[in-house]
Amino acid sequence: MVDATSPAVLPQDYPTKSVRLLEPFGAGGGPDLLARALAQRLSELWDKPVTVENIAGAGATAGPAQVAKSPADGYTLLVNTSAQASSAALLKNLPYDPLKDFIPIAPLTSQPYVLVAGKEAGFTTVGELTAAAKAKPGELKFGSTGIGTGTHIGVEKFNQAAGIKALHVPPLPSDSNADTIANAIAGHFTYYLVPISLALPHIRDGTLIALGVSTARRSALLPEVPTIAEAGVAGFDFPIWYGLWAPAGTPAGVIDKLVKDIGRVLAGQSLRDWVTKHGGEPMNMTQPEFAHFVLSESESAAQIIKAAGIKP
């Protein structure tokens, strides 16, 4: 929520200098691409430079850590995924508090994960996968982009909902998203959840098999692929979502201006078209609603983490 003790207004000419958008996953991933699309539109709106910096490392916590210790003046902002909420539920030794040290400004978009299996695994449906897992409890392996990430928590939620047990194969510290996909294709594990925009090329070339999308509705990018709920795991819904945060203590006037201007660019046709092209959907929330949503998502992640026994 906006700090009620902050100044109520800010000079109307904000911003007066370059604004930095930091993202914590590295160049070429979904947060980086979205941040760059957003930066371009904000730069046009403000007539000021808006730059994107990739601050990867420390399990995608190096970027948030840098934003948390930056001046709370609106000139250093964080573009992050649902990992911002899940890290608050899992990691207790961070040099910052993912909830208390940030003000959620606005949701940017949500999109499906795709539950995929490598071609050599031999599965073509969610039903085949779950049947195999139930026949050999704890023997199938699933991958992720890291312990406690959305790709990990999402599969644990799927496993719990489907009533199966499987072995988590986390990546090496040096592994990128591309490495995890390559490991799935090579059969180092059987299945995992991958953001739709990253999965599409490999689904189209046949090296990954799409079993189901993680959202409540099918994706226009893969209309022939059922939702996981349609495929037999009733009620399953686990999107990846993206948002924008500012350091705690940022003046209310800055937050209000950011909320207004982010809303303007998200409503613009060019960014809406970009989001749709990349498999995203709008998230229509006010700033207080988004702040409540982030807290709710952290609580939900905590329940999954506890049930799965996930440790940092």
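Details
- Selected residue (criterion: farthest from residue 195 (Cα to Cα)) from residues of the stretch 275-290 that are in a helix (DSSP H, G or I) and at pLDDT 95 or above: 288
- Among the criteria (1) more than 25 Å from residue 101 (Cβ to Cβ); (2) open to solvent by 40 Å² or more (accessible area, probe 1.4 Å); (3) not in a helix (DSSP H, G or I), the one residue 270 does not fulfil is (3).
- Pairs where the first residue, in the stretch 43-66, is under 14 Å from residue 27 (Cβ atoms) and aromatic (Phe, Trp, Tyr) and the second is assigned to a loop (DSSP other than H, G, I, E, B) and open to solvent by 60 Å² or more (accessible area, probe 1.4 Å), C-beta under 7 Å, 6+ apart: none
- In summary, residue 192 fulfils each of the numbered conditions (1) part of a helix (DSSP H, G or I); (2) under 17 Å from the mean Cα position of the chain (by Cα); (3) within 21 Å of residue 126 (Cβ to Cβ) with the single exception of condition (1).
- Total residues in the stretch 127-157, condition farther than 21 Å from residue 60 by Cβ, part of a helix (DSSP H, G or I) and open to solvent by less than 50 Å² (accessible area, probe 1.4 Å): 5
- Residues in the stretch 226-245 that are open to solvent by less than 10 Å² (accessible area, probe 1.4 Å) and over 19 Å from residue 300 (Cβ atoms): 1 in all.
- Against the list (1) open to solvent by less than 70 Å² (accessible area, probe 1.4 Å); (2) touching a Ser or Thr at 6+ places or on another chain (Cβ under 7 Å), the condition residue 282 fails is (1).
- Conditions (1) in contact with a Leu (Cβ under 8 Å, 6 or more places away or on another chain); (2) over 23 Å from residue 157 (Cα atoms); (3) assigned to a loop (DSSP other than H, G, I, E, B): number failed by residue 123: (2)
The values are calculated or read from the model by the stated rules, or taken from the named source; none is laboratory data. All figures in this text were calculated on a predicted structure; none of them were measured in a lab. Cβ: placed from backbone, ideal geometry, glycine included. Neighbour counts: every protein chain shown. Heavy atoms of the whole protein, side chains included, go into the accessibility calculation; ligands, DNA and RNA do not. Shrake-Rupley method; radii C 1.70, N 1.55, O 1.52, S 1.80 Å.
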